[in-house]
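Here the structure comes first, spelled out in structure tokens, and everything after it is commentary.
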Amino acid sequence: MKTYEERKRVHQHTNGNIVVDPRDAGQATAEYALVILAAALIAVALMTWATGGGGITTLFQAVLDRVIGLVGG
């Protein structure tokens with residue numbers, strides 16, 4: 001029976017090909033999915049905060065007021 005260290009090997013470079021341990025084959029895909037899900041949740045929370053309190057409108061109004069002030073209007 002192989003030891004844990006012998007079974008733990010994830011990548012083996014042979015003749016330029018990468019052989020992936022079948023137990024870890026979907027791990028990267030799952031990690032990417034979790035990162036994308038977290039980013040989407042943060043985006044939704046940010047949009048809810050910005051639109052709920054009028055944050056976007058206030059920001060745009062402040063920018064326009066500043067531009068108009070610089071132009072001399």
Inset, instruction - Look at segment 47-70 and say how many of its residues are within 23 Å of the chain's Cα centre (by Cα) and small (Gly, Ala, Ser). - result: 1
Legend entry - Matching helices (runs of 4 or more DSSP H) fully within the chain where at least 3 residues are at pLDDT 75 or above and surrounded by 10 or more Cβ atoms within 10 Å (Cβ to Cβ): 27-52, 55-71
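The values are calculated or read from the model by the stated rules, or taken from the named source; none is laboratory data. The structure displayed is predicted, hence computed values, not measured ones. Every residue, glycine as well, gets a Cβ built from its backbone with ideal geometry; the counts of neighbours run over all protein chains shown.
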